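**Student:** Please find one structure pasted underneath; my questions will follow.
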Amino acid sequence: MSINEIIKKYLPVENQKLLYANKQYNYCSAYSYQNCSNCKEIKPVKCCKKLVYQSAKQISEQRWHVYFLCGDSHLVIRWVLIDDSSISVGKIKN
């Protein structure tokens, strides 16, 4: 389920225009660290798995946090601001 579908289904949206949700909002971008078998160093590996919706929490009158889990059990939080005319979405660094 994409971020736009979640906003329409779970958040109080009336006539606001939904944003163009690209890959950075619908997929995990967390880093995990793994041992490289060739050079024996610990290197960061970026997770790019699809996010699965968990819950949404209202932080203030206009701000919401939407919680997701990816296939590797990374907790990912996206913030959503709903104004009278627009919707903004951003990432919280985990």
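**Student:** Compute the accessible area per residue over segment 11-89, keeping the other protein chains in place, probe 1.4 Å, unit Å². Walk me through the numbers before you get to the answer.
**Tutor:** On the way: 5370 Å² over 79 residues.
In whole numbers, segment 11-89 has 68 Å² accessible per residue.
**Student:** Using θ = phi - 60° and the Karplus form 6.51 cos²θ - 1.76 cosθ + 1.60, what ³J(HN,Hα) does each residue of segment 30-40 get, whole Hz, x for Gly and Pro?
**Tutor:** Result, rounded to whole Hz: 6, 10, 10, 10, 10, 6, 7, 6, 7, 9, 6.
**Student:** What whole-number volume per residue, in cubic angstrom, does the convex hull of the C-alpha atoms of the chain give? Walk me through the numbers before you get to the answer.
**Tutor:** Details: hull volume 8.6 nm³, N = 94.
Output value, Cα hull per residue: 91 Å³.
**Student:** Roughly speaking, to the nearest percent, how much of segment 3-91's 1.4 Å accessible area is carbon and sulfur? It would help to have the intermediate numbers written out before the result.
**Tutor:** Working: 2760 of 5960 Å².
Carbon plus sulfur share of accessible area: 46 percent.
**Student:** Relative contact order (percent) for the chain, with alpha-carbon contacts under 8 angstrom and 6 or more residues of separation?
**Tutor:** Working: 164 pairs, mean separation 23.1, N = 94.
Reported as a whole number, the value is 25 percent.
**Student:** With each label point set 7 Å from Cα along the Cα-Cβ vector, what nm distance links VAL13 and ASN38?
**Tutor:** So the two model labels end up 4.3 nm from each other.
The values are calculated or read from the model by the stated rules, or taken from the named source; none is laboratory data. Keep in mind the model is a prediction, meaning the values are calculated, not measured. Quick reminder, even Gly has a Cβ in these numbers, built from the backbone with ideal geometry, and neighbours come from all protein chains shown. Note: areas computed on protein heavy atoms with side chains; ligands, DNA, RNA excluded. Shrake-Rupley method; radii C 1.70, N 1.55, O 1.52, S 1.80 Å.
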